1. When the Cα centres of segment 322-349 and segment 278-292 are compared, how far apart do they sit, in Å?
2. Once Rh for segment 80-191 is found with the Kirkwood sum over Cα pairs, what is the Stokes-Einstein diffusion coefficient at 37 °C and 0.692 mPa s, in µm²/s?
3. So how tilted is helix 343-353 from the main axis of the chain? Cα-based, degrees 0 to 90, rounded to 10.
4. Could you identify which residue out of 160, 251, 229 has the top mean-square fluctuation in a GNM of the chain using Cα springs shorter than 10 Å?
5. What's the angle, to the nearest 10 degrees (0 to 90), between helix 158-169's Cα axis and the longest principal axis of the chain?
6. Over the chain, with a Gaussian network built from C-alpha contacts below 10 Å, which listed residue (372, 102, 22) shows the highest mean-square fluctuation?
7. Output the relative contact order of the chain, whole-number percent, from Cα pairs under 8 angstrom with separation of 6+ residues.
8. With the chain treated as a Gaussian network of Cα nodes joined by springs under 10 Å, which of 136, 351, 86 yields the largest mean-square fluctuation?
């Protein structure tokens, strides 16, 4: 079959593009089985069906096209766009991840020299930027599930590859969330399994630093995750409460304001233990965190999050107080000052939050009262200004009427003199 040419579409291929736009996966599947359809056909702009599906945010369609052999790295677009770039522009993280998992090249650039991550950032699709910058293929991890050289056993048991890869791919770096992910998977709730995962993470960290294209960001992430898994292992070894005590330690807030001191110190210690002291990223993190008093902004979590994911750290309106998950909307019914992603996280945090909940409620009510007073005062001042303006306008109107009357009288006098 000859290579596709721009704009050289059969009627069936034109129909396929229409079906993709409509999102009809069943009909697209039927058309892809036709001998008149090339899965990598090009429209007049050089866009493939996969590019169309990615840009329109059709995840199921993208999956179907990839199953039929769509080229994820096709660069025949008139401006050099790839399917990954269109996925980033669409803002769909699921599709972005799908393109990466299919082998999309993250360093490919368009006609103006921008990568997919840069294009996504330019249009404000920061979640897609995070996915691209933190992608680590399953194949790279599976390398450690096979014996290398004279090894009799692999460094990582194959059964642990999936659970560990899920943790690696998480863009939520909150230690509570990572511990919860460990706790939810029975395969990881084992000291020996956690130690093997930790050692593999450190090996990946070392490889990221020593490879030709050094990746300090990924190295720091792997090191940080290994520290969290090590802490999980030590708690499992010393206690039999299935990591409940570790979660409580990370969530416990100080009595004065509820700030999680242990969590802050733990994250700072993880960063300090990064084994490559000359790394530029480590020095940047230390300069940002070291001068900050514990309990003040920026927190170590927010600085680390921004450095690794590229997103600005935690905002009260977006992230769960317990696990740091984005998109939290449920507020404490009493103080309404802290938010959670669900009832489970609220219950986990209550043992600590209940100590400051009343105080936060009083602070909120005081702030609302002061705000209402300021608004009332501003309204009163506005009404007074409006009243004064109205009075001035009335005076001006009276003055104008008197002037008009005087002018009319003067005109009559002149006319009278002229007549005489």
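1. 31 Å
2. Diffusion coefficient, whole number: 209 µm²/s.
3. With both axes taken from Cα atoms, the answer is about 80 degrees.
4. 160
5. Computed tilt is about 20 degrees.
6. 372
7. 8 percent
8. 351
All of the numbers you see were taken from the coordinates with simple rules; none came from a lab. These figures come from a predicted structure and were not determined experimentally. Here Cβ is always computed from backbone atoms with ideal geometry, including for glycine, and neighbour counts include all displayed protein chains.
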